[in-house]
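The values are calculated or read from the model by the stated rules, or taken from the named source; none is laboratory data. Worth saying up front: this structure is predicted, and the values here are computed from it rather than measured. Glycine gets a Cβ as well: all are built from the backbone with ideal geometry, and neighbour counts include every protein chain shown.
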Amino acid sequence: MRNLIRPELLVEDVFSTCIGQVRNKELKKRLELCLDDVLEASDRFANLATISQLYTFQDHLCENNKVTIDEMKDIYTGRMASKKSRGRVYYDKLMSSPFNFTCPLCGQRKVSQLDHVLPKAVYPSLVVTPDNLIPSCPECNKKKLDAIATSSAEETLHPYFDDLGSERFLFASISGREPANIKFFIHSPPDWSDQKSTRLEYHFKFYELNTLYCIHAIDEIAGQAAFWDDLEVDELKEELKKQAKSRIKNNPNSWQSAFYAGMAEDEWFCDKGYNELLYKT
Ligand SMILES: [Zn+2]
């Protein structure tokens with residue numbers, strides 16, 4: 001869950017470059033006739049993304065039989081994603097935007113492909129629209145697949161359009177009661193709209209981020225346990241607080257920030273309770 005700077009690429013440039021390679025003159029002519037529709041769809045996409053209403057987007061490009069959905073999908077697959085294509089320069093530009101190649105959807109794994117926010121199998125006019133293409137990791141892309149929201153509440157966050165701000169919204173708590181466990185959860189800032197909070201909650205559940213973060217948290221405990229074993233309860237609390245402060249300064253909503261801040265508060269955890277979490281796994 002990280003913001004990305006919205007790409008400055010023009011859809012007109014991307015689309016024209018991609019279809020510039022088409023050798024079949026008849027197909028090329030039909031694709032050129034789609035440009036106005038593609039530009040209009042791109043503008044409409046941006047307007048709807050700004051107000052969290054992408055689920056209302058309608059795509060009529062292929063209804064007039066100028067082009068087929070498969071022909072439009074091939075513009076992306078064969079002429080933008082393909083390493084030998086002219087459009088690949090735009091693909092690479094979009095892929096290089098996340099800090100440290102980190103997936104903006106989960107904030108943890110590494111990006112390896114572009115994800116269509118509105119899937120290309122259903123929205124042919126948006127196959128190469130930069131605003132519709134988000135760099136993502138394979139797991140997030142697989143979860144998304146052709147999922148289509150039917151309401152604003154079911155729209156996952158869009159890293160180019162949904163400003164997550166700098167306030168904390170990701171937290172972690174621990175339960176020492178059997179079975180001991182860590183839980184990551186969302187608590188939105190009070191000034192967020194209900195719509196934004198609901199979408200963040202949905203995003204967190206949709207991408208199964210609690211499970212992902214818990215796995216990494218247990219790894220972190222395993223790596224730190226021997227060091228923590230030498231500390232008294234109050235010393236460990238202070239150590240965890242320092243770690244939390246530094247990580248929150250770097251990214252207030254990383255799982256590490258939530259984990260260290262949450263654990264620093266927990267008496268059971270700091271009194272060697274963390275070892276029970278290791279024995280459990
Ligand atoms: Zn991801």
>> Only one of P104, P119 is assigned by TED's automatic domain parsing to the domain that holds K25, at pLDDT below 95 and crowded, with 16+ Cβ neighbours inside 10 Å. Can you tell me which?
In response: P119
> What do you reckon, is N181 more than 16 Å from the ligand (Cβ to nearest atom) and assigned by TED's automatic domain parsing to the domain that holds S112?
Replying inline: no
> Of the numbered conditions (1) touching a Leu at 6+ places or on another chain (Cβ under 9 Å); (2) at pLDDT 95 or above, Q243 satisfies every one except a single condition; which is it?
Replying inline: (1)
>> Looking only at segment 99-117, count every residue that is farther than 22 Å from T68 by Cα and either in a loop (DSSP other than H, G, I, E, B) or away from the ligand (no atom under 14 Å from the Cβ) (or both) and tell me the total.
In response: 9
> Across segment 235-252, which residue is nearest to the chain's Cα centre (by Cα) among those that are within 14 Å of A172 (Cα to Cα) and surrounded by 20 or more Cβ atoms within 10 Å (Cβ to Cβ)?
Replying inline: A244
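Listed here are the residues, each with its yes/no results for (1) more than 30 Å from K28 (Cα to Cα); (2) within 16 Å of the ligand (Cβ to nearest atom); (3) crowded, with 23+ Cβ neighbours inside 10 Å.
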position: S52; (1), (2), (3): yes, no, no
position: A81; (1), (2), (3): no, no, no
position: Y90; (1), (2), (3): no, no, yes
position: L94; (1), (2), (3): no, yes, no
position: S97; (1), (2), (3): yes, yes, no
position: V127; (1), (2), (3): no, no, yes
position: P138; (1), (2), (3): yes, yes, no
>> Against the definition (of a type in the set (S, T, Y), more than 16 Å from the ligand (Cβ to nearest atom), surrounded by 15 or more Cβ atoms within 10 Å (Cβ to Cβ) and within 30 Å of A149 (Cβ to Cβ)), how does S193 come out, yes or no?
In response: no
>> Test of understanding: among K73, K120, K84, which residue is in a loop (DSSP other than H, G, I, E, B), over 19 Å from the mean Cα position of the chain (by Cα) and at negative phi?
In response: K84
>> Between a residue in segment 34-49 that is farther than 15 Å from C18 by Cα and not assigned by TED's automatic domain parsing to the domain that holds P124 and any residue that is among the acidic types (D, E) and outside any helix (DSSP H, G or I), which pairs come within a Cβ distance under 9 Å, given they are 6 or more apart or on different chains?
In response: none
> Scanning for something closer than 20 Å to R6 by Cβ and part of a helix (DSSP H, G or I), does segment 20-35 turn up at least one residue?
Replying inline: no
